[in-house]
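Single-structure report; data block below.
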Amino acid sequence: MANYITKIHRRMRLAQLVSAWTIGLLAADLFGQAAYAYEVTFSPSSPQLGDTVAVVVQSAQSASAGTGMSAPTASAPTVSANGMSYQSFSIGGDRFQSLIPTSPLDSPGQLIIQVSGAEEPRSLTVNLSDRTFRTQRIWLPPGDNDLGTDEEFERVAAFKRLVTPERHWAGPLLRPSQGYVSTEYGVQRYYNGVFAEDYYHRGVDYAAATGSAVVSPAAGYVRLVGEETNGFELHGNTIGIDHGQGVLSIMIHLSRIDVKEGDFVTAGQVIGGVGSTGASTGPHLHWGLYVNGIAVDPVPWRDAGFE
Ligand SMILES: [Zn+2]
């Protein structure tokens with residue numbers, strides 16, 4: 001049943017990606033001269049909660065360089081979505097990309113995307129669809145949820161804020177473990193019968209044997225290594241990888257760590273072993289994929305990928 005649903009889901013996503021909208025024309029200024037205006041496209045065309053919305057901005061400036069108009073080198077525009085600003089980065093030629101994260105905590109409805117910079121600003125509306133996430137009911141004895149140290153939380157939070165300009169991924173991300181998915185992204189919880197407003201499962205869990213390989217889903221720099229014996233009570237042994245342009249992976253509950261901070265890892269490189277360190281009830285890998293600080297659904301990144 002789960003497989004069947006996954007297949008339908010994948011087909012829908014491919015259709016969404018193929019039909020990305022294109023918006024953008026040269027605008028005319030008050031004097032009737034053509035002004036430069038960004039061309040903005042986004043995908044998927046019908047995003048739902050948890051999706052990453054890729055906004056691609058084509059600069060008109062350099063593209064017009066041969067027409068005799070003055071054409072300074074294109075500079076990166078700023079992209080905002082519902083008032084939050086996101087950096088954009090060059091993805092080659094005169095094109096820039098900004099990755100807008102969404103999560104189960106967002107409200108479905110209109111996402112107002114605004115692009116501003118050296119050229120005519122643009123605004124477009126994207127409809128963010130609702131999505132049903134599975135719920136779990138968890139019963140905890142009082143005082144059983146205070147694991148985690150300040151140092152652990154601060155280092156993990158600092159890692160999640162990283163946004164660096166160079167893009168290290170190419171094509172779809174790799175599956176980081178050969179284990180089966182035991183808990184999917186976005187699952188929501190009731191604790192002792194009360195809905196946890198701020199909680200959602202911020203990643204995908206793969207159940208696998210202790211010590212089995214964990215590979216990096218894409219290339220990047222190791223920017224976080226935390227050990228259970230060094231205060232990482234909640235996450236256990238942890239590796240954080242910066243894939244660039246605001247895209248990060250965090251791997252937690254590891255049995256062992258094969259890399260150190262500052263290492264550059266390649267896609268598919270073994271970086272550690274599946275474990276059950278930290279707050280974990282059995283051996284599994286938790287892989288969190290963060291885009292500009294928000295845990296997004298890794299499934300679209302594994303299926304079709306992002307440019
Ligand atoms: Zn998990």
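Read-outs throughout are calculated quantities, based only on the coordinates presented, and are distinct from any laboratory measurement. Because the structure is a prediction, the values reported are computed rather than measured. Heads up, the Cβs are rebuilt from the backbone with ideal geometry, glycines too, and the neighbour counts pull from every protein chain shown.
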Once you have all Cα-Cα distances for the range 135-303, histogram them in 10 Å bins from zero and send the whole-percent values. 11, 40, 38, 10, 1
Cα centroid distance between the range 228-256 and the range 148-166, in Å? 10
Taking neighbour Cβ counts within 10 Å as the exposure measure, how do Thr102, Thr132, Thr164 sort from fewest upward? Thr132, Thr164, Thr102
Integer Hz, Karplus 6.51/-1.76/1.60 couplings in order for the range 163-175, x for Gly and Pro: 9, 10, x, 8, 8, 10, 8, 8, x, x, 6, 8, 5
Can you work out the FRET efficiency for the pair Asn230 and Thr132, with r the C-beta to C-beta distance and R0 = 41 Å, to the nearest 0.05? 0.55
Determine which residues of the range 230-269 fall in the zone a paramagnetic label at Arg175 would reach in this model, i.e. backbone nitrogen under 19 Å from the point 7 Å along Cα→Cβ. 250-252, 267-269
